[in-house]
Every structure is written in structure tokens, then in C-alpha cells.
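Each value in this text was obtained by applying a stated rule to the coordinates, not by laboratory testing. None of the values given here were measured: they were computed from a predicted structure. Positions of Cβ are generated from backbone atoms using ideal geometry, with glycine treated the same way; all protein chains shown enter the neighbour counts.
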Amino acid sequence: MARNQPVYVCGSCGGESLKWQGQCPHCSAWNTLTRVMGVRADPRGGPQPAAPAVAVGLPAEPPAEVRTSLGMAELDRVFGGGLSAGSVSLLGGEPGIGKSTLLLQVAAAVGTDAPVLYASGEESTRQTAQRAQRLSLAAPQLRLVSDNSLESIIARSDEQRAALLVIDSIQTMQTSHVESSPGSPQQLRECTAALVRFAKQGGTSVIIVGHVTKDGAIAGPKLLEHLVDTVLYFDADAGSRYRMLRATKNRFGPVNELGFFAMTGAGLREVKNPSAIFLSRNPQPVPGSLVMVARDGGRPLLIEVQALTDATRFSAPRRVAQGVDANRLAMLLAVMSRHSRLSLAEHDVYVNLVGGLAIAETATDLPLALAIASSLRGVALDGKLVAFGELGLTGEVRPVPHGEERLKELHKQGYARAIVPQQNAPRQGVAGLEIQAVATLAEALEAAFRS
Ligand code: TYD
Ligand code: MG
């Protein structure tokens, strides 16, 4: 594709088409294609000398990869073990979630021993400096700049020989190579491509902020994901002070890694024991509640599963699922009415995972079924009980991956009893933990409601 041949880029998914169409062929969104000059063909612009070919062999001493700590273990974990030199990361999240706060803290942590430039197109240097002061951040090598011109920001970063450049936010940046206004798909792409070039040539790590709305209505980060090395999303349960940072793409570490933080009066603090976030901590056990061990972001997490059943007033009973797949819930209810004596045909069923995390794994099946049965019977389950396991269509309880790790976690968090799939029960047991291995839903119900 020649550089000056136009392509059409979807503002929703970033997919490219050679001709204009009303509907994006990649994501089927309507009226999202905009014309962009062929940026992808030669992102460096103009003819370039051919890059030298490099032989792949094992050097005697492989060069040690330079990783810089971001100041918090939870952050280093999500970045795949710290910040890689010359990497470009995109931090997406809704406005007000805490992206600027997080990155100012990161900039200060890195800026204690290496030059860092924090470039804001949204706030004046005075505002940013005041925020740093309020957070008691002092870093001798951190510089702030308030600017919208990408060229002058890059020049300043070069001058400072910055190890880290923070761009807050990409929607406010403008490059003189493109005529459209800041935030347009052309500007977003050109600015990001320029930052990638800069990072790869000089070894400066770049972290770019990108605002997104819940429904992804604003053209932004989606468009840029394929240009950068790492994509992180910052998210929160509505109204909660807890924040979750997830890596959805990472060329330098595992994806889906999750980090947990709490927004406090003094900025973001890492949460070292995230299991505590997802429990409602009812002082007394109540019907319809059970703790499970899910596995998300590469770690086991204790999450409270809640269910509410109520005699229906509708011709078709309502089924509402928060945090779990609605189809999975429908399947579970069918298995329950077929393979236990619990009839839910006349009941509305609501299920919820406390803390706002959505869990896609099937280990939620068994705890959900037990919580639903507990609500239906109006009988509270043992407060020291935890369960996990998958349910099959024939009412069998199937094993889930990482059973032993889950058992260790629930034991560590002070629970004394676990109902688990037979194949997940370790032969030698776990000291101090009563493990009830079950093969069917009927056995699990019996174990859970034994008096
Ligand atoms: P901010 O980092 O500006 O969000 P973003 O850059 O994603 O738009 O965070 C703004 C919110 O965080 C604001 O509502 C105030 C709150 N906040 C705290 O609760 N404690 C703090 O120490 C700071 C700096 C902000
Ligand atoms: Mg901000």
C-alpha cells in the first residue's frame, strides 16, 4: 500500500478497509469508517535505508532485559514484571477513574532515579504540581509539561533523555503532520505511531492515557491497541473505591494479569489481599450467600456469590445475572430442576457476584447452585464453607483447573470447610481444612445442608 493511498479506518474497532462502506466489515458497526492516508505502509515517512537483517543465534550472554519498578508490586505484576525499556503502553479507562493519579504516582516512583517527563494536555503544570504535592510525591528527576503539541513534547523528552514519558491524554495531543483536530481518528493514530517510533528509536518507555466510555462510544483506545505493546484497562465497580487494572495485551508478560488498588485521600494504594474486596462480610450467615474461589488474572480470589429467589408475579419468571453469564445461569437452573428436587419454575432468580467482578469460568456453577438452593430453602449455609466446581448437564460435578491453589487460598483466608469436585480433592488433604469431595449435584446439596 503506498503511503499516500487512502485507507478507511473504523473508529470502533480500528479495522482497516480499502474502500468506504457504510458498515465496518470487521465489527459490523455502522457509519464508523473514516478516511486516513495510508499510515501503516510506512510509519516512519519517506524512503528509509533497509533495516539490517539479524541472525538468530544464542549469544554467550543474552543481554539482560532492563525492567524498571513502577513503585508498587501490584503494578509491576500487571506490566509483566516492571516496565520494559522502549515499550509503549496504553492505559484506558473512564474519565475520573484515576488514570492521571496513578500515572503521576508512577512518574514520581520512576523519577526518583531516572529522568521522567509527565506531559499533560488536560491540566496546567500548576494543577499537576499541586496534585503531586497533595500526594506527597517528590521526585528529583520528574519534570512536568503542559502542552498539546506532540512534536514539542517529544523534543523536550529527548532533551531530558527521559527514561519514561507519560502522555495524558492521547485525545488532547496534536501532530502537525495531520490537519484534523485533536481526538480525531487520524490524530490518534498519527500521534501514537509517532510515539511508538520515538520509543523504539531512543529506548524511552512511553505510557499513553486514553479515555474510554463504558459503551466505547468515543473513538479512541480501540483504534490504537494494535499499535502499542501493552494495553491496560483501569476499571471500578460503580461507587466503589477499589480499582482493578487488567492487561488485555502484553508483549512483555502474561495477558489478563490483574492488579488491585484502592483510591484513598492520598492517591492510589495497592491492595495486597484482594480476596477481602469481594466478600460482603455479613456478621451472620444469611440464606442465599456462599463464598467461592474463582481464578482470575492469574491468581485465586475469594468471591461471595449471592442468590435471591422469589415467587414470581410474571408469566415467565425473571432470571437476572450480575457477574456471570445469563446463559450459564439458565443452564444451571435446568440442571437443578432436573437433578435435584428443587423446582424453580415458579420463582424469579437473581444472582450476583459481590464486588463487581465478572467471572467467566465454570467454577462458579456449583457455588451458584448451592446459593440458589440456600435462598429457595431459606436456610443459611455454614459461614466457614467455601465451594467451587463445574456442573455438567447430567448433574455431575466436574473438576476445574488449579484446584490445589484454590484450596490453599481459602485455607489461608481462614475458611475451614470446602465442597469441591472429587478430582480436585488432594489425596493427602490439607491440614486444618475439611474437604468434602462430591461427584454429583445431589451429593453437593446433601453435604452443604447437612445439619
Ligand atoms: P483522576 O486521576 O483525575 O482521573 P482520570 O485521570 O482517570 O480522569 O482521578 C480523579 C478522581 O480521583 C477524582 O474524582 C478525585 C479522586 N482522587 C482521590 O480520591 N484521591 C486522590 O488522592 C486524588 C488525587 C484523586
Ligand atoms: Mg486525567
Treating the beta-carbon of each Lys and Arg as +1 and of each Asp and Glu as -1, no other charges, what is the dipole magnitude of the stretch 277-448 about its Cα centre, to the nearest 20 debye? 140 debye
Expected sort for 133-143, 387-397 on mean C-beta neighbours within 10 Å, highest first, is 387-397, 133-143
The stretch 98-155 - charge dipole about Cα centre, Lys and Arg +1 at Cβ, Asp and Glu -1, debye rounded to 20: 240 debye
Longest to shortest principal axis, alpha-carbon extents of the chain, angstrom: 76, 51, 51
In whole Å, what are the Cα extents of the stretch 228-309 along the three principal axes, biggest one first? 47, 30, 22
How far is it, in nm, from the label point at residue 237 to the one at residue 422 when both lie 7 Å from their Cα along the line to the Cβ? 3.6 nm
Sum up the charges of everything whose Cβ sits under 11 Å from the Cβ of residue 311, counting Lys and Arg as +1 and Asp and Glu as -1, but leave residue 311 out. -2
For the stretch 131-185 and the stretch 283-298, write down the distance between their C-alpha centroids in whole Å. 43 Å
In the chain the cysteines whose Cβ sits 4.7 Å or more from every other Cys Cβ are 191
Using θ = phi - 60° and the Karplus relation 6.51 cos²θ - 1.76 cosθ + 1.60, list the HN-Hα couplings for the stretch 123-138 in order, rounded to whole Hz, with x at every Gly or Pro. 10, 6, 4, 5, 4, 5, 5, 5, 4, 4, 5, 4, 8, 6, 9, 10
Hey, what did the chain get for relative contact order, percent, Cα under 8 Å, at least 6 apart? 12 percent
Segment residue 346-residue 276, length gained on full extension (0.36 nm per residue, minus Cα span): 21.7 nm
Once Lys and Arg are counted +1 and Asp and Glu -1 for all other residues with Cβ under 15 Å from that of residue 419, the total becomes -2
Taking 18 Å as the cut-off for C-alpha to C-alpha distance, list the pairs among 19/222; 384/408; 19/249; 384/412 that go past it. 19/222; 19/249
Could you compute the net charge surrounding residue 344? Neighbours are other residues with a C-beta less than 13 Å from the C-beta of residue 344; K and R count +1, D and E count -1. +2
